[in-house]
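The values are calculated or read from the model by the stated rules, or taken from the named source; none is laboratory data. In this text, all values refer to a predicted model and were calculated from it rather than measured experimentally. Glycine gets a Cβ as well: all are built from the backbone with ideal geometry, and neighbour counts include every protein chain shown. Just the protein is used for accessible areas: all its heavy atoms, side chains included, with ligands, DNA and RNA removed. Shrake-Rupley method; radii C 1.70, N 1.55, O 1.52, S 1.80 Å.
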Amino acid sequence: MALDKAILEALAPRATPYKVTDSKGLYLLIQPNGGRYWRFRYRWAGKQNTLSCGVYPEVALDEARSRRDAFRTMLSQDVNPSDQAKTERAEISDERARQESAMRFMLDNDGALYFRLGSRRLTLTPAETNHLRAFLDATRGLNHEVPPCL
């Protein structure tokens, strides 16, 4: 049975999670707390798999169906949609890490320096930033060779 907006609005949570199917592997999982999650069920290499298609109502029925169709297209091209989704998430994570590493040091308009070391963040006032600059400029030309131990 194909779902429509009236059916989706009438669904109420129950004591246990339950599924309401749409078509071609797409279904809506309704949780006891009222959460509604679009899922796509498919078989790959002889095993049943499930992929998320979003959360209802943020992802409407038409959007969930288009995501399902995209997954089915991948399957027809012998591409596992789960592997593709993992690859995309890894690329997004790598890009986010690259952007965060690029933003490790920031200087605001007042001259205050903000920097991050791992998960710790440190903020210097404009005066402290100027002292740090002076220190770095003064030590830049020093010879840092350590004499050998005898």
Selection from 23, 97, 79, by position along the positive dipole direction of the chain (Cβ):
23
Under 5 Å, built H, 5+ apart or other chain: amide partners of residue 25
none
Taking the Cβ of residue 26 as the center, what net charge do the other residues with Cβ under 14 Å away carry, scoring Lys and Arg +1 and Asp and Glu -1?
+4
Quick one: pull the percent of accessible area on the chain belonging to carbon and sulfur, 1.4 Å probe, ligands and nucleic acids left out.
54 percent
For an R0 of 41 angstrom, estimate the FRET efficiency from the Cβ-Cβ distance between residue 24 and residue 119 and round to the nearest 0.05.
0.40
Among the aspartates and glutamates, which fall within straight-line cross-link reach of residue 24, defined as a Cα-Cα distance under 13 Å, with same-chain neighbours fewer than 8 residues apart omitted?
69
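Give the calculated FRET efficiency between residue 134 and residue 112 to the nearest 0.05, with a Förster radius of 22 Å applied to their Cβ-Cβ distance.
Details: r = 16 Å, r/R0 = 0.71.
It comes to 0.90.
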Amide H partners (placed H, <5 Å) of residue 54, local residues excluded
38
Just to be sure I understand, if you calculate volume of the Cα convex hull per residue in Å³ for this structure, which of (1) 170; (2) 299; (3) 129 do you get?
(2)
In percent, what relative contact order does the chain have, based on Cα pairs under 8 Å that are 6 or more apart in sequence?
10 percent
